[in-house]
Structures are given as structure tokens and as C-alpha cells.
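One structure below.
The values are calculated or read from the model by the stated rules, or taken from the named source; none is laboratory data. As the structure is a prediction and not an experimental result, all values here were calculated from the model. Glycine gets a Cβ as well: all are built from the backbone with ideal geometry, and neighbour counts include every protein chain shown.
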Amino acid sequence: MKVDGKIGIGQAIMVMMLTIGITNHVTVIPLLLSKAGRDSWLSVLLAGIPFSFWAYLLFVIHRNLNQQSLYEWLTKRSGKIVTNLLLVPIMICLYMMALTNLIDTQTWTTVNYLPRTPEWVTAFALMGLCVLASIGGMTSVGITAGILLPVVVMLGFFVAFGNIPKKDYSLLLPLFQNGFRPLLHGMLYVGGGFTELFLLLLLQHHVRKPFRLVHFLFMLGITLLLTLSPLTGAIAEFGPVESARQRFPAFEQWRLLTIGKDIENMEFFSIFQWLAGSFIRITICLLLLGDLLTFRTRKQRKFMMMFLGGSMIAFTSLPFSDMQFVSFLTHIYYPLYLVIMVVITLALILVTLRKPSRQEGIGHDP
């Protein structure tokens, strides 16, 4: 293994699968079911069509980056004002990605298996590990993802195939009982999850070789499957009405799993899946935030990682209910995240169309 502070393409894909998987597998699904109901699975499939084109736009931007960091490339191509106008919203989105996942993990932990543990203790324990890992750098994150992902995938297949006798896929039909509006609402939340593929642009300078178009389309397909599989499973096992009432449908599927007549209550496996995804997601968000903030010394970076982690723990301690949090995700976070990422992508495409100056061209020569 090369010790150069970078990771391979395979490791980068595994990091992305855990990072995006936790939100599309868990957070997006209850929002989809509450808005689109039985039609939600079709929302996922149809959303894959326009976002295939969007993935191509990401590839075009990535090709022009020439494996430079987004900050470095933007500074050379457009100056500090445009750079800040584009990077500040990205940094806010990264921060919110980590924060919303921390809140969701804290809520799920308290409700399901640690009801008497103070919530700040849960947040502090998880965030402490994430801060340490983000200080360790991308190589440690890539290695950790390579260890965690195979186990997470095997457990996913285990619960999916183990519950087949309890599934009734006829519950996926009929469609459009309430018209086309629920379908379109569902596509909005699916899009909010798909646009997290933008992280590939922020991650690419940590990867030894450049991504190809097939990697972007592969990640889009993986994201689609990570959303579609537990979504159809929830509808087939609980029906569209009951699954829409559940806060964590993917977790509830573990409660149904049994081996024979004597082995049941295996939902503890889901704890490993969830915490593995949350750990990588929060860590990668902190690490990428550190890249965009461009610290000069390692000491400054460590201090900022601890500050960001501490501020997130403080936010989780604010007096808000889970219903208010879900309402925030539904009406503000995911719609706004979708708009911001699409606008920034189009803005970056315009930057790539601008012809580089002679000085910029010299700077890119080997």
C-alpha cells in the first residue's frame, strides 16, 4: 500500500457508499413514504433519469479539475469573490449533512436501545471518534471504510433475503391512486439524496487516479439501489400505510427477521450498520470541511475539527422535538439542499466553459 495520504478509487467508492447509504437507506425513506406512499418506489426509479444527466455534468467538472482541490481550482479560474460565493454554501451543506445525521443517530439510539442514557453522551461518544478519525486523514478513513462496508453489505443481504417469506410485493401496486402529485413530491426528496454525489468532486483530490464517467454512473446506480431496496421492502412487509407511520422503516425490518422458530430479536445487527454509516459520514464531512477551510498548520486543523464537533453536540442539545426535526428535513433541508447543489453544479459548469488565462494554463503544465 502506498503511503502518500491518498486512497484508491475502490476505497473512495466504499467511503461514498457508506456516506450516502446511511441517509438514502434511513433518513430519506420515511420522508418518501409520508409524501408519496405506495408511489414512492416509482419516484426513485424516475428520479434516476434526470440525475443520470446530472452525474454526467459532475464528470465534466471533475475532468476539468485535473485532480486539484475544488478550492485551488476555483481560486485560479474565478478569483476569491466567486470562490467564496460557491464554497460557503457547500461548507454549510457539509456541516448540515453531519449535523442532521448526528441528530438522527442520537434520536434512534435513545428511542431503541439506550433510553436512559443522556442524549449528549451518545452525541459526544460518536462525535469524539469522528473528530479523531478526521484528524487522522483520508487514508485512515479509506481503510476503515474498506473494513466496515463488507460487513454492512452482508448484513443488508441477510435481512433482505431473510425476510422474503414475510414480503408481499403485490402491495407495491396499484399506482397513482392519488394522482401524480405524490410521485413528484417523492422525486424531490430522492433528488436531495442523489445530489450528495457532489461529494465526489470534493473528494477527488484525495484519490490517486481520476474518476471516469462509469464511476459516477455506478455511484448513481448504487445510490438508487440503496434507496429502492429498503423502500420496497418496507412497503412489501408493512404495507404503504403502516410503513409511512414508522419513523425508521429500515430498522423495523430487522424486528421481523427470525431464523427458524427459536432465533429472533436480531435487530442489534442494525446498530453496527447504522453506526458504521454515521461514523464515516460525519468523519468525511469534517475532513472535507477542513479541506475547504484551508488551514496552514496541523494544529489549526485539529482545533477547528474539535470546534466543529463541539458545535454540533451543542446543536443537538437544543430544545426541539423529533417531529420538529422531521418537519425541518421535509420542508427545508432536503428541498433546499437539492436546489443549492443543482445551482452550484450549473455555476461550476459555467466556470469550466470559461477559457483559462495563459497564466492558468502554465500552472497546469506538468
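Annotations
Residues are listed down the side, and each one gets a yes or a no for (1) within 22 Å of Ile22 (Cβ to Cβ); (2) of a type in the set (A, V, I, L, M); (3) out of contact with any Phe, Trp or Tyr (no Cβ under 6 Å at 6 or more places or on another chain):
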| site | (1), (2), (3) |
| --- | --- |
| Phe279 | yes, no, yes |
| Thr283 | yes, no, yes |
| Asp291 | yes, no, yes |
| Lys302 | no, no, yes |
| Met305 | yes, yes, yes |
| Met312 | yes, yes, yes |
| Phe315 | yes, no, yes |
| Gln324 | yes, no, yes |
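- Candidates Leu85, Leu57, Leu114: the one that is touching a residue at least 40 places away in the same chain (Cβ under 8 Å), out of contact with any strand residue (DSSP E or B) (no Cβ under 9 Å at 6 or more places or on another chain) and not charged (D, E, K, R) is Leu57.
- Within the option set Leu58, Leu65, being crowded, with 19+ Cβ neighbours inside 10 Å, touching a His at 6+ places or on another chain (Cβ under 8 Å) and within 26 Å of Arg208 (Cβ to Cβ) holds for one residue only, Leu65.
- Test for Ser317: is it more than 18 Å from Leu199 (Cα to Cα), out of contact with any Ser or Thr (no Cβ under 8 Å at 6 or more places or on another chain), of a type in the set (Ser, Thr, Tyr) and touching a residue at least 40 places away in the same chain (Cβ under 8 Å): yes
- Residues satisfying the stated conditions in segment 274-284, i.e. surrounded by fewer than 23 Cβ atoms within 10 Å (Cβ to Cβ) and small (Gly, Ala, Ser): Ala276
- Listed by position, the helices (runs of 4 or more DSSP H) contained in segment 161-273 that have at least 3 residues being touching a Ser or Thr at 6+ places or on another chain (Cβ under 8 Å) and crowded, with 19+ Cβ neighbours inside 10 Å are 181-194, 213-245, 249-256.
- Residue in segment 285-306 that is more than 25 Å from Leu203 (Cα to Cα), surrounded by 16 or more Cβ atoms within 10 Å (Cβ to Cβ) and modelled with pLDDT under 95 present: no
- Evaluating Ile92 against the criteria (1) under 20 Å from Thr19 (Cβ atoms); (2) under 22 Å from the mean Cα position of the chain (by Cα); (3) surrounded by 15 or more Cβ atoms within 10 Å (Cβ to Cβ) leaves one unmet condition, (3).
- Filter pass, Thr117 being under 30 Å from Ser317 (Cα atoms), out of contact with any His (no Cβ under 7 Å at 6 or more places or on another chain) and either modelled with pLDDT of 95 or more or outside any helix (DSSP H, G or I) (or both): yes
- Checking each residue in segment 1-46 for being part of a loop (DSSP other than H, G, I, E, B) and either modelled with pLDDT of 90 or more or closer than 20 Å to Leu171 by Cβ (or both) picks out only Gly8.
- Residue in segment 142-155 that is over 19 Å from the mean Cα position of the chain (by Cα), surrounded by fewer than 17 Cβ atoms within 10 Å (Cβ to Cβ), not in a helix (DSSP H, G or I) and not small (Gly, Ala, Ser) present: no
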